[in-house]
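S.K.: Sharing a structure, written as structure tokens. Questions coming.
The values are calculated or read from the model by the stated rules, or taken from the named source; none is laboratory data. In this text the structure is predicted, and so the values were computed from the model without any measurement. Here the Cβ positions follow ideal geometry from the backbone for every residue, glycine too, while neighbour counts run over all protein chains shown. Surface areas here come from the heavy atoms of the whole protein model, side chains and all, with no ligands, DNA or RNA. Shrake-Rupley method; radii C 1.70, N 1.55, O 1.52, S 1.80 Å.
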Number of protein chains: 2
Amino acid sequence: MRKRHLVTALLTLPTLVLADEGMWLFTKPPVEKVKAAYGFEITPAWLEHLQKSAVRFGTGGSGSFVSPNGLILTNHHVGSGMIEKLSTQERDLRALGFYAATLEEELRCPDLELNVLMSIEDVTARVRAAVKDDMSADEAKLARTAVIGQIEKESLDATGFRSDVVKLYQGGAYHLYRYQRYTDVRLVFAPDEQAAAFGRDPDNFEFPRFCLDMCFFRAYEDGQPVKSEHFLKWNAQGAEEGELVFVAGHPGRTNRLATHAELEDMRDHGMSGKLEQIYRSEALLEAWASRDRENRRRATGAITGIRNGRKAVLAGLDGLLDPEFMAAKLESEQKLRDAFRAKPEWQGADEAFQEISAALKSGEPRELRARMLEGGEAFATGFFGIARTLVRAADEYPKENSRRLREFQEAGRISLELDLFSNEPIYRDMETLKLANSLMVLCAKLGANNDLVEKIMAGKAPQERAAELIAGTKLDDVSVRKSLYEGGKAAIDASSDPMILLAKLVDGPARVERDHLEEEAEILLQAHEKIATARFAIEGDSTYPDATFSLRLAYGVVKGYQESGANVPWATTLGGLFERSELQGNVEPFDLPQPWKAAQDKINRKAEFNFICTADITGGNSGSPVVNKAGELVGLIFDSNAPGLKLGYGYKEGNGRAVSVHSAGMLEALDTIYGAKRVLEELEK
Amino acid sequence: MRKRHLVTALLTLPTLVLADEGMWLFTKPPVEKVKAAYGFEITPAWLEHLQKSAVRFGTGGSGSFVSPNGLILTNHHVGSGMIEKLSTQERDLRALGFYAATLEEELRCPDLELNVLMSIEDVTARVRAAVKDDMSADEAKLARTAVIGQIEKESLDATGFRSDVVKLYQGGAYHLYRYQRYTDVRLVFAPDEQAAAFGRDPDNFEFPRFCLDMCFFRAYEDGQPVKSEHFLKWNAQGAEEGELVFVAGHPGRTNRLATHAELEDMRDHGMSGKLEQIYRSEALLEAWASRDRENRRRATGAITGIRNGRKAVLAGLDGLLDPEFMAAKLESEQKLRDAFRAKPEWQGADEAFQEISAALKSGEPRELRARMLEGGEAFATGFFGIARTLVRAADEYPKENSRRLREFQEAGRISLELDLFSNEPIYRDMETLKLANSLMVLCAKLGANNDLVEKIMAGKAPQERAAELIAGTKLDDVSVRKSLYEGGKAAIDASSDPMILLAKLVDGPARVERDHLEEEAEILLQAHEKIATARFAIEGDSTYPDATFSLRLAYGVVKGYQESGANVPWATTLGGLFERSELQGNVEPFDLPQPWKAAQDKINRKAEFNFICTADITGGNSGSPVVNKAGELVGLIFDSNAPGLKLGYGYKEGNGRAVSVHSAGMLEALDTIYGAKRVLEELEK
């Protein structure tokens, strides 16, 4: 009886990954699956070449080397934050585009960090060994944090590589990822944003699409272009319909192994709060942008990001509000638990589901306070983030490394300092607007009569309080930040900067929330570890873990789909952009990009422009190279379609597609429209 | 002891109005205050002249006579509804502007009523006498309505004037206002809307401004221009910095006499919920509008309305979140209650504050459910409104008139049918978007597992459920609505229209909320009457009552202010419009108005254009004349700045300013840009 139970369970477990499903580890690539389905064999050399050609953008995206001289291809929307930072009021590079006709003209980014994954080491055993069975949750966490910090530090010291321990399979495994780090990164080429983001928000997450969402950076070391041993050869023909393709990139986060209770919690709490915040920011920033052209330039990136986020959250929430999906999740979970109950040593794994439910339930009442104070939703200004980092740095750095908050451990120090001392411009008027609004939210959520809220508001209304905080702070001056950072606790205590004072005021209560959050996270972690261990005993690592912004391999086929009875074709052409623009009366955001207008008689309108494939991707994959069986670049991921957006909580075969820029279309545009000869020569085209 | 108490109370009651505060009755002008502060004496003749020069627009604005021949000045945005009605498909007067070069060319408005206040009579005693102490609340209401109707009818019969009894001081006094009524009103001049509303929503409620927000009408009687004995002489120099000015107009509504508990309730509940809803609609509609031109055309009106509302709510909320303001409110309320407690007959008034608090408190737990179900926030589509009206009409009309829900009583039937059978187009795609989103909110707010929510969702995710409801309903067909309306209960019961089924499903639970809401409203009303009566016994009419869209006098000084350390100057110039347009790249809504472009070389760019003053105004004051000590027209109110928007709940001296068009700028524009020679001659300029 028990045995039959188990067999049934196995048949319906998530183990059975579907066609083209998966964001696979490079240490555990889907060799058998791909071979069975497509007759292609992934070899270690093929894989290593792809791995070392792939680039991770610290700002949250992906890219790849495409020349032996450190030339990197990514999306315009991955680079746009940098492109904005490199702009001035006189020279808006987002609007105008940029092309460095010579090496000397390449523009150095103020604070961009790129990572290339050099090696992976399984450190699960060492992490596990540090955590003893008889430890309390707190002790366990400390012990784990300590050993992870130690592993990372040892690795950094030994190799000089950025070293991150990545938790995989919800704690089923821990891997040490070592990255070559590049911090001298320069902008080489970017099209005008109108071409890069043609159709903008209205077309976002849709297909057909017509976006030249690409740009080039170059990595430097010691002032010289990096010699990139591994780079992807550019395939001039590009992806073809029906072709098998691979995607190497850094999917940020999926929740496919979340329990039913966790999905309910996200549905009923996390996401609606997030949506509320998104709507607020979106409406405010859009209104602020419409007041002034300069505002528009400053806010466009943020607005695009927010709208992106809104669509993703809306799609995800709609998925979680699908009673059928939730019922299926619950059913497969019940079967897994039945399987666990079949073996005495897996009882704990079964009980872990209850522990997760209970922890979420008990965390609920604090959720709002945690979001406001520790999540910083109440203080929506970059100044507060800076102030908090300074205040906490003074408290944390004197502590022993492993006892520090995670973001202050030594392994992260370089990135933290890069961020903290960034020259990124901060606009006081926009910051005042955002802060005033978030203070209003604080009052609404925690209550204007709340003791802490009263202290924060200091007897003022939100607008007045925000205005005095932003007007009074000197933290836009990097040298002020440096001296507070270097001066440590004494400097912080002596500071009368109002933003520092605010961060100090909030820090105690925020840390209380942080402690609770970490405690809850620890309970969830331990419960998931129990589930993961039992699941591993059934599945092994035959499947892939949830996304963790670490390098993954996805694969799929270039193909269209049917929607509401209509065919959605596999690709668009350059000419399609002209047609869509004309159909929309050539008005924003469908107005013809200026360089395209100028070149319209010369362009090969039949060249493929954007295309779709079934590879399983998510946010963070933006800028990922799409390669063919020969490992050559045939496309550049830049989006999902709307059905693809729902897959974060569970893969479902259907109309979900990854959307890419086609390598042939990019070449044609670089040549005919942008005349980027030097880049083309470097790509040997 | 008691006496001392009372004296103290009197000294610190809201009686003590602040500098430049107040929307004063013409029967009780702030003579002493103005004299003390500015050394100017308001005389009865001066006042009568101003009163009889002031004009009330039935559509909700103000204006004034500016010539002896019935020429009336008001805002373009006050007249724009009429200007639109006078337009034809071939001749869009809002876009093009209008100028009647001869008297004969003046265009008669189809349905505009103007009122000029001729006399005021205190009828408090007569109203009070009709309401006996031993009457029940219901009887008292009926008796009061009856006596007011009688007073108005007698006055109309005797004088021929429009006669309105106005409830002042929340029921502390009743005054009979007699108006000369003009219904033959003709359009004389209006600039193009681009000049009138330059900067549109982005600039709304801001300063500096550059709006020629003016137009002229003329009142006729028996086909001839009215001989207006009282009119304001146009001062060609216009307002000067530092000058004392007066505003005569019709402020619509303020809540300065709301209790502290009511303000807290608005702050903590009403307004933040409202804001959340506004942000959501604003973000969604703006994103939808950006998809294509036709969407933009359809959504523009709604978006402008929402943004206007957001600015007002944000400003109001910021005001309520000012701890200083709230503390002062509480203190003055405590003193008032101390005074009440000093007299046995005022005990009830003191207790009334508690009754208000208790009623609000007891309503809190139901608030969300009431908003969702009875407020309809969960079903944000016009289709649901139609369905609910049909479902309720079938239930309500068979009842005796006085027992029906208010909106189904006979007095409102014509308006209800006008609305229900309107041919106004409904766009299914926009409705689906709105409904899907609001269903998502319903799930978030009441919980996806809530029984009623599950029934509403019918096993579907929000997008799918919204799509099927909107695709399935036939309620866009007016004949379908008519047959359901005329068919009554039987037709509704037989209908399988999904929107009717939804409205039926929701109606029971929604009516439960409605009952609770009405009960709460009645308690508040009665409590306020008790407070008002006692308050009036102490203060009499030494202070001004909340705004009631009746004629009021405000005063103040022409002056700029400081904001975030920067000077906001007292005035702008005509040249400023050109500069702002250029700085904004001459793109909408900052594109140069065509007539301005044509005249740009001739215009005196130094002429003052818009200016600000400290007079205490609110919505309804639009179009009010600004006069100097000589009673001459020096400006035309058209807006408040953002800090001015906060003052609806309580005046506070600060950066609040009324924004006006300057009389010199208007002259220069009429002359150089619009060549309105005939009007200028009539103004003797």
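S.K.: Which is open to solvent by 10 Å² or more (accessible area, probe 1.4 Å) and within 30 Å of A:Ser542 (Cβ to Cβ), of A:Thr43, A:Thr88?
M.R.: A:Thr43
S.K.: Would you please name the residue that is nearest to A:Ala283 (Cα to Cα), looking only at residues in segment A:443-465 that are more than 10 Å from chain B (Cβ to nearest Cβ) and touching a residue at least 24 places away in the same chain (Cβ under 8 Å)?
M.R.: That would be A:Leu446.
S.K.: Shifting gears a bit: Of the residues A:Leu505, A:Leu469, A:Leu517, A:Leu525, which is modelled with pLDDT under 95, open to solvent by less than 60 Å² (accessible area, probe 1.4 Å) and assigned to a helix (DSSP H, G or I)?
M.R.: Only one candidate qualifies: A:Leu525.
S.K.: Answer yes or no: is there a residue in segment A:248-260 that is open to solvent by 10 Å² or more (accessible area, probe 1.4 Å), in contact (Cβ under 8 Å) with a residue 60 or more places away in the chain, of a type in the set (A, V, I, L, M, F, W, C) and within 14 Å of chain B (Cβ to nearest Cβ).
M.R.: No, there is no match, as no residue in segment A:248-260 is open to solvent by 10 Å² or more (accessible area, probe 1.4 Å), in contact (Cβ under 8 Å) with a residue 60 or more places away in the chain, of a type in the set (A, V, I, L, M, F, W, C) and within 14 Å of chain B (Cβ to nearest Cβ).
S.K.: In segment B:57-69, what residues are surrounded by 24 or more Cβ atoms within 10 Å (Cβ to Cβ) and not polar (S, T, N, Q)?
M.R.: Of everything in segment B:57-69, those that are surrounded by 24 or more Cβ atoms within 10 Å (Cβ to Cβ) and not polar (S, T, N, Q) turn out to be B:Phe57, B:Gly61, B:Gly63, B:Phe65, B:Val66.
S.K.: Looking at A:Glu364, A:Glu331, A:Glu345, can you tell me which residue is within 14 Å of chain B (Cβ to nearest Cβ) and on the phi < 0 side of the Ramachandran plot?
M.R.: On inspection, the qualifying residue turns out to be A:Glu364.
S.K.: Sticking with this structure for a sec: Take segment B:477-502 and flag every residue that is crowded, with 19+ Cβ neighbours inside 10 Å and more than 30 Å from A:Pro643 (Cα to Cα).
M.R.: Within segment B:477-502, B:Arg481, B:Leu484, B:Tyr485, B:Ile492, B:Ser495, B:Ile500 qualify.
Okay, residues lined up against (1) at pLDDT 85 or above; (2) in contact with a Ser or Thr (Cβ under 6 Å, 6 or more places away or on another chain); (3) of a type in the set (A, V, I, L, M, F, W, C):
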{"position": "B:Cys109", "(1), (2), (3)": "yes, no, yes"}
{"position": "B:Met118", "(1), (2), (3)": "yes, no, yes"}
{"position": "B:Arg126", "(1), (2), (3)": "yes, no, no"}
{"position": "B:Ser136", "(1), (2), (3)": "no, no, no"}
{"position": "B:Lys141", "(1), (2), (3)": "no, no, no"}
{"position": "B:Val147", "(1), (2), (3)": "yes, no, yes"}
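S.K.: Keeping to segment A:550-590, report how many residues are open to solvent by 40 Å² or more (accessible area, probe 1.4 Å) and at positive phi.
M.R.: Of the residues in segment A:550-590, 3 are open to solvent by 40 Å² or more (accessible area, probe 1.4 Å) and at positive phi.
S.K.: Sticking with this one: When residues of segment A:20-42 are filtered for being among the hydrophobic types (A, V, I, L, M, F, W, C) and not in a helix (DSSP H, G or I), how many remain?
M.R.: Residues meeting the conditions: 6.
S.K.: Criterion first (open to solvent by 30 Å² or more (accessible area, probe 1.4 Å), more than 20 Å from A:Asn449 (Cα to Cα) and either away from chain A (no Cβ under 14 Å) or not small (Gly, Ala, Ser) (or both)) does B:Gly375 satisfy it?
M.R.: Considered against the rule, which asks whether it is open to solvent by 30 Å² or more (accessible area, probe 1.4 Å), more than 20 Å from A:Asn449 (Cα to Cα) and either away from chain A (no Cβ under 14 Å) or not small (Gly, Ala, Ser) (or both), B:Gly375 comes out as yes.
S.K.: For segment A:383-441, give me the residue count where each residue is of a type in the set (Gly, Ala, Ser) and not in a helix (DSSP H, G or I).
M.R.: Looking only at that region, the number is 1.
S.K.: Which ones in segment A:304-332 are aliphatic (A, V, I, L, M), at pLDDT below 90 and open to solvent by 50 Å² or more (accessible area, probe 1.4 Å)?
M.R.: Within segment A:304-332, A:Ala328 is the sole residue that qualifies.
S.K.: Here's something else I'd like to know. With respect to B:Leu435, determine if the residue is in contact with a helix residue (DSSP H, G or I) (Cβ under 9 Å, 6 or more places away or on another chain), within 14 Å of another protein chain (Cβ to nearest Cβ) and surrounded by 22 or more Cβ atoms within 10 Å (Cβ to Cβ).
M.R.: In short, yes.
S.K.: Inside segment B:262-297, can you point out the residues that are more than 9 Å from every other protein chain (Cβ to nearest Cβ), within 23 Å of B:Gln170 (Cβ to Cβ) and open to solvent by less than 20 Å² (accessible area, probe 1.4 Å)?
M.R.: The one that is more than 9 Å from every other protein chain (Cβ to nearest Cβ), within 23 Å of B:Gln170 (Cβ to Cβ) and open to solvent by less than 20 Å² (accessible area, probe 1.4 Å): B:Leu263.
S.K.: Right, next: I'm told B:Ala173 meets every condition in (1) surrounded by fewer than 19 Cβ atoms within 10 Å (Cβ to Cβ); (2) in contact (Cβ under 8 Å) with a residue 40 or more places away in the chain except one. Can you identify the failing condition by its number?
M.R.: Single failed check for B:Ala173: (1).
S.K.: Name the helices (runs of 4 or more DSSP H) wholly inside segment A:567-659 in which the number of residues that are under 24 Å from the mean Cα position of the chain (by Cα) is 3 or more.
M.R.: Answer list for segment A:567-659: A:642-645.
S.K.: Please name all residue pairs, on different chains or six or more residues apart, with Cβ atoms under 7 Å, provided the first residue is in segment A:298-310 and is within 13 Å of chain B (Cβ to nearest Cβ) and the second residue is hydroxyl-bearing (Ser, Thr, Tyr) and surrounded by 21 or more Cβ atoms within 10 Å (Cβ to Cβ).
M.R.: Taking only residues 6 or more apart or on different chains, the pairs are A:Ile306/A:Ser281.
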